[in-house]
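Student: Take a look at this one; I'll ask things after.
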Amino acid sequence: MPENPRCGFVALVGAPNAGKSTLLNAMVGSKVSIVSSKVQTTRTRVLGITIAGDSQIIFVDTPGIFKPKRRLDRAMVAAAWQGAEDADLVGLLFDVSRRGIDQDTQGIITRLKEQGRKAILILNKIDLVPREKLLGLADSFNQEGIFTDIFMLSASTGDGVEHLRGFLAARMPEGPWHYPEDQISDMPMRLLAAEITREKLFQQLHQELPYAATVETEQWEEFENGSVKISQVVYVQRDSQKAIVLGKQGTRIKALGQAARTELEEMLEQRVHLMLFVKVREDWENDPERYEAWNLDFGAS
């Protein structure tokens with residue numbers, strides 16, 4: 001630990017698909033949160049930990065904040081606001097490729113005002129729009145009166161990420177680091193492995209299925225030769241969805257497993273034997289055990 005350490009929490013909030021998980025991974029320099037082009041990919045609070053100079057910055061990647069309809073939606077939104085309330089700094093991400101400030105983002109701004117919270121505005125995906133639009137957006141957000149600083153960056157290309165990291169490091173409270181220097185997340189490996197497989201599910205099934213499916217790691221067995229056997233179950237809600245995941249003659253589940261195994265081997269730096277099973281559990285979204293595993297409040301309103 002340095003002689004004058006700093007440590008603090010930065011909550012990344014925003015509407016679904018604003019790029020929070022991509023930015024978190026860029027800040028940490030490694031994958032700790034799954035990424036998808038689809039909204040509401042992140043279901044639980046994820047901590048990403050990075051060192052910048054004498055500062056340890058603990059990022060809280062939260063589910064996208066939107067108007068909830070289902071029990072799972074309500075739990076995800078509650079987790080997002082809890083992460084924001086507990087943080088030293090709040091960074092509001094906005095996807096600048098949108099036409100203007102959307103309803104979900106405006107709702108976040110309104111709630112931050114009600115809480116008396118200031119925030120940092122992070123305009124993301126600047127590689128997708130002309131500079132003139134960025135200046136107009138920045139002016140619109142400035143008029144809200146809650147943003148202390150505005151950053152323009154592209155989490156996917158890395159443009160502007162280091163500038164934001166340095167800014168945050170200088171503003172962390174003085175105090176000892178909370179985690180060892182080499183730790184980059186607090187997520188258990190069993191859960192992260194399940195999330196990796198769920199990400200591949202999102203990527204390969206497009207609009208056919210993802211929100212009706214979840215993945216759980218049931219078994220994790222290490223062997224003397226350095227390899228690991230991971231058994232996971234993909235839970236779906238109907239038999240017809242099970243057929244989609246399996247694919248014709250098992251081709252879909254095979255491709256899914258191969259993609260997940262490749263990434264897991266890179267992450268774990270060891271050989272992985274991945275066993276995937278598909279089961280129907282009609283009401284998994286209303287199972288309290290699922291919420292406990294994701295660290296979500298089953299009774300969130």
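The values are calculated or read from the model by the stated rules, or taken from the named source; none is laboratory data. What you are looking at is a predicted structure, and each value in this text was computed from that prediction instead of being measured. Note that we place each Cβ from the backbone using ideal geometry, even for glycine, and neighbour counts take in every protein chain shown. The area values use the complete protein model at the heavy-atom level, side chains included, leaving out ligands, DNA and RNA. Shrake-Rupley method; radii C 1.70, N 1.55, O 1.52, S 1.80 Å.
Student: Please go through the stretch 1-47 and give me each residue that is of a type in the set (Lys, Arg), at pLDDT 65 or above and under 20 Å from residue 112 (Cα atoms), ordered by number.
Tutor: Matches in the stretch 1-47: 20 only.
Student: Sticking with this structure for a sec: Please work out which residue is most open to solvent (accessible area, probe 1.4 Å), limiting yourself to the stretch 206-239 and to residues that are among the small types (Gly, Ala, Ser) and at pLDDT 90 or above. Explain how you work it out, then say what you get.
Tutor: Within the stretch 206-239, the first condition is being among the small types (Gly, Ala, Ser), and the residues that meet it are 212-213, 226-227, 231.
If we keep only those that are at pLDDT 90 or above too, we end up with 226-227, 231.
Values: 226: 35, 227: 6, 231: 11 Å².
Among residues in the stretch 206-239 that are among the small types (Gly, Ala, Ser) and at pLDDT 90 or above, the one most open to solvent (accessible area, probe 1.4 Å) is 226.
Student: Tally up the residues in the stretch 2-28 that are part of a loop (DSSP other than H, G, I, E, B) and either under 14 Å from the mean Cα position of the chain (by Cα) or surrounded by 20 or more Cβ atoms within 10 Å (Cβ to Cβ) (or both), please.
Tutor: Number of matching residues: 5.
Student: I'd like the residue in the stretch 113-146 that is among the acidic types (Asp, Glu) and under 21 Å from residue 89 (Cα atoms) and, out of all such residues, is most open to solvent (accessible area, probe 1.4 Å).
Tutor: This residue is 114.
Student: Right, another one. Given the conditions (1) in contact (Cβ under 8 Å) with a residue 12 or more places away in the chain; (2) open to solvent by 30 Å² or more (accessible area, probe 1.4 Å); (3) farther than 27 Å from residue 183 by Cβ; (4) polar (S, T, N, Q), which single one is not true for residue 258?
Tutor: Of (1) in contact (Cβ under 8 Å) with a residue 12 or more places away in the chain; (2) open to solvent by 30 Å² or more (accessible area, probe 1.4 Å); (3) farther than 27 Å from residue 183 by Cβ; (4) polar (S, T, N, Q), only one is false for residue 258: (1).
Student: Considering the stretch 156-186 alone, what residues qualify as being open to solvent by less than 30 Å² (accessible area, probe 1.4 Å) and part of a loop (DSSP other than H, G, I, E, B)?
Tutor: Those that are open to solvent by less than 30 Å² (accessible area, probe 1.4 Å) and part of a loop (DSSP other than H, G, I, E, B): 160, 172, 175.
Student: Can you name every residue in the stretch 261-270 that is part of a helix (DSSP H, G or I) and open to solvent by 30 Å² or more (accessible area, probe 1.4 Å)?
Tutor: If the condition is that a residue be part of a helix (DSSP H, G or I) and open to solvent by 30 Å² or more (accessible area, probe 1.4 Å), then 261, 262, 263, 265, 266, 267, 268 are the ones that fit.
Student: Another question, then. State which residue pairs qualify: first residue among the aliphatic types (A, V, I, L, M) and inside the stretch 164-187, second residue assigned to a loop (DSSP other than H, G, I, E, B) and open to solvent by less than 60 Å² (accessible area, probe 1.4 Å) in any location, beta carbons under 8 Å apart, and separation of 6 or more residues or different chains.
Tutor: Partner pairs satisfying both residue conditions: 164/153; 184/30; 184/32; 187/32.
Student: Which pairs do you get when a residue that is in contact (Cβ under 8 Å) with a residue 40 or more places away in the chain, found in the stretch 124-148, comes within reach of a residue that is in a strand (DSSP E or B) and open to solvent by 30 Å² or more (accessible area, probe 1.4 Å), reach meaning Cβ atoms under 9 angstrom, with the pair 6+ apart or on two chains?
Tutor: Taking only residues 6 or more apart or on different chains, the pairs are 124/152; 141/150.
Student: Moving on. Answer yes or no as to whether residue 192 is in contact with a strand residue (DSSP E or B) (Cβ under 9 Å, 6 or more places away or on another chain), in contact (Cβ under 8 Å) with a residue 40 or more places away in the chain and assigned to a helix (DSSP H, G or I).
Tutor: Details: in contact with a strand residue (DSSP E or B) (Cβ under 9 Å, 6 or more places away or on another chain): yes; in contact (Cβ under 8 Å) with a residue 40 or more places away in the chain: yes; assigned to a helix (DSSP H, G or I): yes.
The answer is yes for residue 192.
Student: For residues in the stretch 278-301 being at pLDDT 90 or above and either β-branched (Val, Ile, Thr) or surrounded by 13 or more Cβ atoms within 10 Å (Cβ to Cβ) (or both), which is farthest from residue 32 (Cα to Cα)? Show your work before the answer.
Tutor: As a first pass, look at the stretch 278-301 and keep what is at pLDDT 90 or above: 278-280.
Now restrict to residues that are either β-branched (Val, Ile, Thr) or surrounded by 13 or more Cβ atoms within 10 Å (Cβ to Cβ) (or both): 278, 280.
Details: 278: 25, 280: 28 Å.
Filtering the stretch 278-301 for residues that are at pLDDT 90 or above and either β-branched (Val, Ile, Thr) or surrounded by 13 or more Cβ atoms within 10 Å (Cβ to Cβ) (or both), the one farthest from residue 32 (Cα to Cα) comes out as 280.
Student: Kindly evaluate residue 190 against the criterion of being over 24 Å from the mean Cα position of the chain (by Cα) and of a type outside the set (S, T, N, Q). Give the steps one after another, and end with the answer.
Tutor: Numbers: over 24 Å from the mean Cα position of the chain (by Cα): no; of a type outside the set (S, T, N, Q): yes.
When the stated conditions are applied, residue 190 does not pass them.
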